[in-house]
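Reading through the structure tokens given below for one structure.
The values are calculated or read from the model by the stated rules, or taken from the named source; none is laboratory data. None of these values were measured; they are calculated from a predicted model. Don't worry about glycine lacking a Cβ; one is built from the backbone with ideal geometry, like all the others, and counts go over all protein chains shown. Each accessible area value is taken on the protein alone, full model and side chains, heavy atoms only, with ligands, DNA and RNA left out. Shrake-Rupley method; radii C 1.70, N 1.55, O 1.52, S 1.80 Å.
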Amino acid sequence: EAGVAQSPRYKIIEKRQSVAFWCNPISGHATLYWYQQILGQGPKLLIQFQNNGVVDDSQLPKDRFSAERLKGVDSTLKIQPAKLEDSAVYLCASSFKVGITLSYEQYFGPGTRLTVT
Amino acid sequence: SQQGEEDPQALSIQEGENATMNCSYKTSINNLQWYRQNSGRGLVHLILIRSNEREKHSGRLRVTLDTSKKSSSLLITASRAADTASYFCATDRAGANNLFFGTGTRLTVIP
């Protein structure tokens, strides 16, 4: 079974520029997550989709971050404009089981390492 | 904050020894999960333990959960150099299905 795919793997941009990340989850996985992982910390959830609807975006900095999941499959995460503190690894994960009140194991992609200079 | 905290932050052991990592959290949970992250394979799910379970085994892994103390431990027996990685606990909130990750324990297994 193919894993979660992400691109690009690395991106270097200057502050105030924009950037977009792409994620293709495991086929059949209804739930998709975007996480931000700053060096030395654990992943922090940015947004969670179930099919093509947003379940939780309470930790997404909506003034500069946006995400969409068209047709309930692929997803893109955008940052515009980027700040120095956005330097991090952006992880995409998906989960097969759809739980309203229970969590299930998540499958993670390799991540995109973003450096903002 | 719901975020779990792992202890110790870093652990270094000899190959063949056992490694124990602890996780504490703050609010009621449905499940607690452990993940491993290394440069080669990224972030990988290891084991999930539900709030009504006290202990679970998977190969060389043993996880315990004490909901009264809001804590969990991960034991890796007979460690191998390939176990070198960061280990994270992740908890959900009762009534929700997303995860909060801790800050991780960095395990180094010396051959």
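A few comments on the model shown:
- B versus A: buried accessible surface, summed, Å² (probe 1.4 Å, to nearest 100): 1700
- Cα shape, chain A, gyration tensor, a/c 1.5 rule: prolate
- Placing a pseudo-label 7 Å from each Cα along the Cα-to-Cβ vector at B:Ser28 and A:Asp63 gives an inter-label distance of 3.6 nm.
- Trypsin sites (Lys or Arg not before Pro) within segment A:22-107: DSSP coil, no more than 13 neighbouring Cβ in 10 Å: A:Lys62, A:Lys83, A:Lys97
- Counting charges near A:Ile38 (Lys, Arg +1; Asp, Glu -1) among other residues having Cβ under 14 Å from its Cβ returns a value of +1.
- Cβ-Cβ FRET estimate between A:Val54 and B:Val44, R0 fixed at 30 Å, reported to 0.05: 0.70
- Occluded residues from segment A:34-50, i.e. those whose accessible area drops by 20 Å² or more once the chain is not alone (1.4 Å probe): A:Tyr35, A:Gln37, A:Gly42, A:Pro43, A:Leu45, A:Gln48
- Fraction of accessible area attributable to carbon and sulfur, chain B (%, probe 1.4 Å): 45
- Among the GluC sites (Glu not before Pro) in segment B:1-63, those placed in a DSSP loop whose Cβ has at most 14 other Cβ atoms within 10 Å are B:Glu15, B:Glu17, B:Glu53.
- Chain A: relative contact order as a whole-number percent, Cα under 8 Å and 6+ apart: 37
- Relative contact order (%) - chain B, alpha-carbon pairs under 8 angstrom, separation at least six: 39
- Set A:Lys15/A:Lys44; A:Lys62/B:Lys26; A:Lys11/A:Lys83 screened for pairs whose C-alpha atoms are more than 25 Å apart: A:Lys62/B:Lys26
- Å² of accessible area per residue within the protein assembly as shown, as computed with a 1.4 Å probe and no ligands counted: 48
- For B:Glu55, net neighbour charge (Lys/Arg +1, Asp/Glu -1) across residues whose Cβ lies under 13 Å away: +2
- 11 Å beta-carbon shell around B:Ile76, net charge (K/R +1, D/E -1): +2
- Nitroxide proxy distance, nm - points 7 Å out along Cα→Cβ at B:Ser58 and B:Thr20: 2.1
- Contour excess over end-to-end distance, with Cα ends at B:Asp66 and B:Ile110 and 0.36 nm allotted per residue: 12.8 nm
- Atom-type composition of the exposed protein surface of chain A places 51 percent of the accessible area on carbon and sulfur (1.4 angstrom probe).
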